[in-house]
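Reviewing the structure listed below.
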Amino acid sequence: MGMLKIDQVSVTHNKRRAIKDASFSANEGEIIGFIGADGAGKSSLMHAIAGVIRFEGKISFQNTIYHSPSEAQILKSKIGLMPQGIGLVLYDLLTVGEHLDFFANIRDIRQDDRFNEYKNRLLRMAGLDKFIDRRAGNLSGGMMQKLSLICTLLHRPKLLILDEPTTGVDPLSRIELWKILDQIRCEEGTIALVSTAYMQEAAQMDRVLLFDEGEIIAQGCAKELIKSVQDMTYVRKPFTTPHSMSTLDTTYSLEPLEAEHAEPTLEALFFVNALQKNRILPSVEITPRDGDTSFSSVVMEAQGLTKTFGDFVANDRVDIRLCRGEILGLLGSNGAGKTTFIKMLLGLLPIDDGELNLLGKRIETAKDRQELKSSIGYVSQHFALYNDMTVRENLHYFASMHQIPMDIAIKRIARYSEELGFDGYMDAIPTELPLGINQRFSLAAALLHEPVILFLDEPTSGVDAIARAQFWQLLVALKEKWKIAILITTHYMSEAEFCDRIVLMRDGCKVADDTIPNLYTAHPNAKTFEEIFLEYYR
Amino acid sequence: MRIGILKAYIRKELSELLRSRLIIMVYLLPTMLMLLFGYGIRMEVTHARIAIIDNDQSRLSNLLVGKFEHSKYFDVTTTVMDEDEALRKIKQAQSDAIIIIPASFEKRLLKGQTTQIGVYVDAAFPSRGSTMESYVQGVILNAASALIPSAPKGSIVINQRTLFNQAMRDEDAIVPGLIGLVLLVAPAIIAALLIVKEKERGTIFNFYASPLSKAEFIAAKLIPVFLLHSINIFILLLWALYLFEVPFRGSFWIYWLASELYILVSISIGILISVITRTQIVAVVLTVMVTIIPGFMYSGIIMPISSMVGMSRYEAHVFPVMYYNHILYDVFLVGEGLTSQKTQLYLVILAVYVVILLSLGTLWLRKEIR
């Protein structure tokens, strides 16, 4: 008899069936991972269990049965929910210490010595004990998530529901988050439900539920699940058959292939499931661009770029070189100065010191900067799309902003929509579309004026595995066919391996700048790129 | 209601209001509205620029000019110029009215013949124009009766008496109504922001996921605004008494009680709007629409409720501003206080408003994602 039992739970939100007939149970101390694409129903099920959304079906926890949020009310003192979104539940203007007091008070916790000891321990584990008086709005993303977690843990919940706590968080903070979570839940015997976009994290959990289109399509421990798809995973084959899909290093096929088997990860589940449901994405084909591709080999070069905000040095003498036909990965923890750096390269922030050259020409005047902007395509973290216009209208708008003649623009938009695979969504509003489609259409918007440099600021954050794999294939194709320089930031260390070169930043300084193989040679003990990353932070 | 929880929420709201500088709006907005409208709305006309062309230059005409010169309503310039030139002055907005005394003014009057005085009034603003016109007439009639005692007595009798606002001061008529408008608009806007802000930001999850009850949440949002705006009751009273010099004839306690009740009504409207909207901008626009327009229409500033007919009369009774303003005009200008049954009834009606609006707010507030 499980402590938590979910029985045939369905959630309908905004007239859309978000999750249908989900059932599972969990015992004391168990940790269960929710994985699945964006919009697969993970959050809705979590909200139902936390009693914050109306649902059909039955949930029982500690022998209390509830069918609606109002029936769940009596259990709320035992449940902790951390909804999706960095720092979502925090008040920007309150300090760290005030947050802890507030969360303790609204849950009516008696603030005795035992509580204070527990609170201080949580603060120490989160590394926030030195920042008690800092306002939440001034914390980095990683710190915000740690603060949210300890605020959720303050009342020692017996059921902990965490919705993508680590998305958009750097590897270092992620490890700290997991340390806090594991320690506390083991001590308290908490049931933890955690959704995550990182398959390595899911693999560590007791059990994994795989969500797809509003249904739980598989559950079990990670090893079993991985084993079930081992036969369909191969080392990448350059050609494709109708029943196969490829990423940059792996090919998945339902039919046996004449190829060596590869070691699958949980990600393989998504591909095999898509194949089984015959949701095969068209392979990526990029045609050469209209403009010429014979620009100089060093596209952009920055030397000693420095930016200070008051006493705080955000970027300290950073050098960077972007070459023709190269993907450069810019990595670093939250608050290491990546965004500031990109903003300077974009001409959005004035440069305090150092120089910036574009195609061999130094950027000095405002006119230069205008030219700089017209040679760069930029996809921001929160795709800057207009949500009141359709995809087509958005693209037309961006085209006229870049003063592209209408006839050329229409042709280009038609071509990109086909090649980037969103031509079926041209008349939809961005908010109705999955993140993966929005991501590709933002990319198209950034490429309309045929830039020589493409900046991508965490474009894959929150996007599901298949869409991510496709996106990377697109980037590689763009690099090869268009010879443009691509600068990308990401928190997925597995993606870093697809970059040609990596620049690692820490506290506003550049600490590494090398190719992937060279980095592996320099760190012989590291098995994955994540370990290399962490070595720079120890 | 658990006091500890409420205290935590109230402390949080207050420090947020303080740190986000929204507190400035809490105290600036009411005073600003009061000063803008208090000085801005003028029904009476003073210091109208009037040019008198005295073609007679006689004793009687001088007396008439003197009457105008001694009136606080007119700033007089006496000139000799021709009519066209004078009219041009009105066109150029250098003069508000022209009075032309004909050359034979004294002679004809003494002979008992009718004489005509030319009066030109700039009526670009009709109400101002007609006000000036009646002032001019008043002064001339008054002068006429003084000048010609031989005129049959009783032929001109003007017996004016104004009640409650004996001085006929605009401030006395407008400022109490303004308090009713300001205390309806300002607390409602702040209250409307409080819940919807959490919805927009995502922090509303803290309420959804915690054992906090709906009533506790509403109370936690209501109390900080109530406390902050209670101070405005006194600030506005001070402006009324010392800046606009409005008399205060009633009981301070009735003013205080009615005002606190009225703030609660206003906050409840804000909370209700906050509950049904999703974004701050919609909440603010909606609040402004449902408070400022009726607050202005039915405050008695523009027209008294008793002179309204048909729909507008019913509408006036639906909005709480009418009841509060009745009490306000009573405490400022009349002073009957609780001996008036109407005042008693209206206090009860305000309390009923609070109960109904807050119950609706609590009923409609959802402790779940919609």
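The values are calculated or read from the model by the stated rules, or taken from the named source; none is laboratory data. The structure displayed is predicted, hence computed values, not measured ones. With ideal geometry, Cβ positions are generated from the backbone for all residues, glycine too; neighbour counts draw on all protein chains shown.
Which residue is surrounded by the fewest Cβ atoms within 10 Å (Cβ to Cβ), if the candidates are limited to segment B:1-56 and must be within 14 Å of another protein chain (Cβ to nearest Cβ) and under 24 Å from B:Leu181 (Cα atoms)? Spell out how you get there, then give the answer.
Quick first cut of segment B:1-56, residues within 14 Å of another protein chain (Cβ to nearest Cβ) only: B:1-23.
Remaining after also requiring under 24 Å from B:Leu181 (Cα atoms): B:17, B:21-23.
Numbers: B:Leu17: 21, B:Arg21: 8, B:Leu22: 15, B:Ile23: 15.
Across segment B:1-56, the extreme among qualifying residues is B:Arg21.
For segment B:55-71, filtered to residues that are assigned to a helix (DSSP H, G or I) and in contact with a helix residue (DSSP H, G or I) (Cβ under 9 Å, 6 or more places away or on another chain), the residue that is farthest from B:Arg128 (Cα to Cα) is B:Arg59. Residue-level check: of (1) more than 9 Å from chain B (Cβ to nearest Cβ); (2) within 21 Å of A:Gly462 (Cβ to Cβ); (3) in a helix (DSSP H, G or I), A:Glu71 misses just (2).
When residues in segment B:318-370 are screened for being in contact with a helix residue (DSSP H, G or I) (Cβ under 7 Å, 6 or more places away or on another chain) and within 14 Å of chain A (Cβ to nearest Cβ), 5 of them pass.
So, A:Lys20, is that one in contact with a Gly (Cβ under 7 Å, 6 or more places away or on another chain), farther than 21 Å from A:Gly80 by Cα and buried (at least 17 other Cβ atoms within 10 Å of the Cβ) or not? It would help to see each step written out before you state the result.
On the way: in contact with a Gly (Cβ under 7 Å, 6 or more places away or on another chain): yes; farther than 21 Å from A:Gly80 by Cα: yes; buried (at least 17 other Cβ atoms within 10 Å of the Cβ): yes.
Yes: the conditions hold for A:Lys20.
One residue alone among B:Val288, B:Val352 is without any contact (Cβ under 8 Å) to a residue 12 or more places away in the chain and in a helix (DSSP H, G or I), and that residue is B:Val352. Does A:Asp21 satisfy the criteria of being on the phi > 0 side of the Ramachandran plot and within 14 Å of chain B (Cβ to nearest Cβ)? Answer is no for this residue.
Please specify each residue of segment B:232-255 satisfying the condition of being over 15 Å from the mean Cα position of the chain (by Cα), among the β-branched types (Val, Ile, Thr) and farther than 11 Å from B:Gly335 by Cβ.
From segment B:232-255, those over 15 Å from the mean Cα position of the chain (by Cα) are B:232-235, B:238, B:242, B:247-255; that's our starting set.
So of that shortlist, the ones also among the β-branched types (Val, Ile, Thr) come out as B:233, B:235, B:254.
Within segment B:232-255, B:Ile233, B:Ile235 qualify.
Hey, does segment B:168-186 have a residue that's away from chain A (no Cβ under 14 Å) and assigned to a loop (DSSP other than H, G, I, E, B)? Yes: one or more hits.
Are any of the residues in segment B:225-244 touching a residue at least 60 places away in the same chain (Cβ under 8 Å), among the aromatic types (Phe, Trp, Tyr), touching a helix residue (DSSP H, G or I) at 6+ places or on another chain (Cβ under 6 Å) and closer than 20 Å to B:Pro294 by Cβ? There is no residue in segment B:225-244 that is touching a residue at least 60 places away in the same chain (Cβ under 8 Å), among the aromatic types (Phe, Trp, Tyr), touching a helix residue (DSSP H, G or I) at 6+ places or on another chain (Cβ under 6 Å) and closer than 20 Å to B:Pro294 by Cβ.
Picking from residues in segment B:72-117 that are part of a loop (DSSP other than H, G, I, E, B) and in contact with a helix residue (DSSP H, G or I) (Cβ under 6 Å, 6 or more places away or on another chain), the one that is nearest to B:Leu141 (Cα to Cα) is B:Thr115. Looking only at residues of segment A:99-158 that are more than 18 Å from A:Leu88 (Cα to Cα) and of a type in the set (S, T, N, Q), we find that the one that is farthest from the other protein chains (Cβ to nearest Cβ) is A:Asn120. When restricted to residues that are part of a helix (DSSP H, G or I) and either more than 28 Å from the chain's Cα centre (by Cα) or at pLDDT below 90 (or both), segment A:103-129 contains 12.
In segment A:381-418, the qualifying residues are those that are assigned to a loop (DSSP other than H, G, I, E, B) and of a type in the set (S, T, N, Q), and the one that is surrounded by the fewest Cβ atoms within 10 Å (Cβ to Cβ) is A:Gln403. Could you count how many residues in segment A:128-162 are surrounded by fewer than 23 Cβ atoms within 10 Å (Cβ to Cβ) and touching a Ser or Thr at 6+ places or on another chain (Cβ under 9 Å)? Within segment A:128-162, residues that are surrounded by fewer than 23 Cβ atoms within 10 Å (Cβ to Cβ) and touching a Ser or Thr at 6+ places or on another chain (Cβ under 9 Å) number 12.
Report, by residue number, each residue of segment A:24-68 that is buried (at least 17 other Cβ atoms within 10 Å of the Cβ), closer than 22 Å to B:Trp364 by Cα and more than 11 Å from every other protein chain (Cβ to nearest Cβ). Scanning segment A:24-68 gives a single hit, A:Tyr66. Kindly indicate which of A:Thr152, A:Thr233 is polar (S, T, N, Q) and out of contact with any Leu (no Cβ under 8 Å at 6 or more places or on another chain). Just one listed residue meets the conditions, A:Thr233.
If we scan segment A:391-405, do we find a residue that is within 20 Å of A:Ile484 (Cβ to Cβ), among the β-branched types (Val, Ile, Thr) and in contact (Cβ under 8 Å) with a residue 24 or more places away in the chain? Taking every residue of segment A:391-405 in turn, at least one turns out to be within 20 Å of A:Ile484 (Cβ to Cβ), among the β-branched types (Val, Ile, Thr) and in contact (Cβ under 8 Å) with a residue 24 or more places away in the chain. Comparison of B:Ile281, B:Ile276, B:Ile267 shows that the only residue that is closer than 30 Å to A:Ala104 by Cβ and β-branched (Val, Ile, Thr) is B:Ile267. Of all residues in segment A:74-89, none satisfies the criterion of being buried (at least 23 other Cβ atoms within 10 Å of the Cβ), more than 7 Å from chain B (Cβ to nearest Cβ) and in a loop (DSSP other than H, G, I, E, B). Here the condition is being at pLDDT 85 or above, of a type outside the set (Val, Ile, Thr) and under 27 Å from A:Ser246 (Cβ atoms); of A:Leu534, A:Leu475, it holds for A:Leu475 alone.
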